[in-house]
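Heads up: the structure comes next, in structure tokens.
Where a number appears in this text, it was derived from the coordinates with a stated rule and is not lab data. Just so it is clear, the model here is predicted, and its values are computed rather than measured. Positions of Cβ are backbone-derived with ideal geometry, glycine not excepted, and every protein chain shown enters the neighbour counts.
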Amino acid sequence: MKRAIFPGSFDPITLGHYDIIKRGVTLFDEVIVAIGVNADKKYMFSLEERKQFIEETFADEPRIKVVTYKGLTVDFCKEIDVEFILRGLRNPADFEFEKAIAHTNRDLAPIETVFLLTSADTSYIASSIVRDVIRNNGDYTKLVPKSVKIK
Ligand code: ADP
């Protein structure tokens, strides 16, 4: 069985993430959306909220799982016995950043990173932009799955 982990902060999940995850399950038997926990980082949404948004979004898709993890992504991959890391690429900046991480990960463990190019209609979406729209009372609903709601 081919399984991939899709790691990130998902603060919150966007339609860009959604697109990569949906396309990911056409390539892998299981896609594990893994929310990385970084104690030094300030988030807009709590870990529970971020997890719930993703779980609700994929409630009808048993091949998409949601977990949280601490520490290095490759260590977590080894722990749950996953061979692939799935990542999305939007632009040259993503490419440079992802290249360095993927090379480092390959030095640390025999885990392949698989990249999917963003879809044209979601290529501009980033969680940071969504947070900005929310902070400024804009209509964020066009950028995120329906499950993302502000209290
Ligand atoms: P980070 O890892 O910086 O916390 P995110 O949680 O936002 O970033 O993203 C996790 C993954 O989703 C990354 O591979 C990122 O490139 C990808 N991603 C984010 N937004 C999009 C998008 N609009 N289209 C494609 N991939 C995306």
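How about the stretch 15-48: which of its residues are in contact (Cβ under 8 Å) with a residue 40 or more places away in the chain and farther than 20 Å from Leu89 by Cβ? Selection gives Met44 alone. Any residue at all in the stretch 68-90 that is among the aliphatic types (A, V, I, L, M) and loosely packed, with under 13 Cβ neighbours inside 10 Å? Looking for residues that are among the aliphatic types (A, V, I, L, M) and loosely packed, with under 13 Cβ neighbours inside 10 Å, one finds none in the stretch 68-90, hence no. Residue count for the stretch 1-31 satisfying the condition of being surrounded by fewer than 16 Cβ atoms within 10 Å (Cβ to Cβ) and not in a helix (DSSP H, G or I): 3. Without any contact (Cβ under 8 Å) to a residue 12 or more places away in the chain, of a type in the set (Gly, Ala, Ser) and under 27 Å from Lys65 (Cβ atoms): does that describe Ser128? It is true that Ser128 is without any contact (Cβ under 8 Å) to a residue 12 or more places away in the chain, of a type in the set (Gly, Ala, Ser) and under 27 Å from Lys65 (Cβ atoms).
As for the stretch 97-113, it holds at least one residue that is free of Cβ contacts under 8 Å to residues at least 40 places away in the same chain and in contact with a Ser or Thr (Cβ under 6 Å, 6 or more places away or on another chain).
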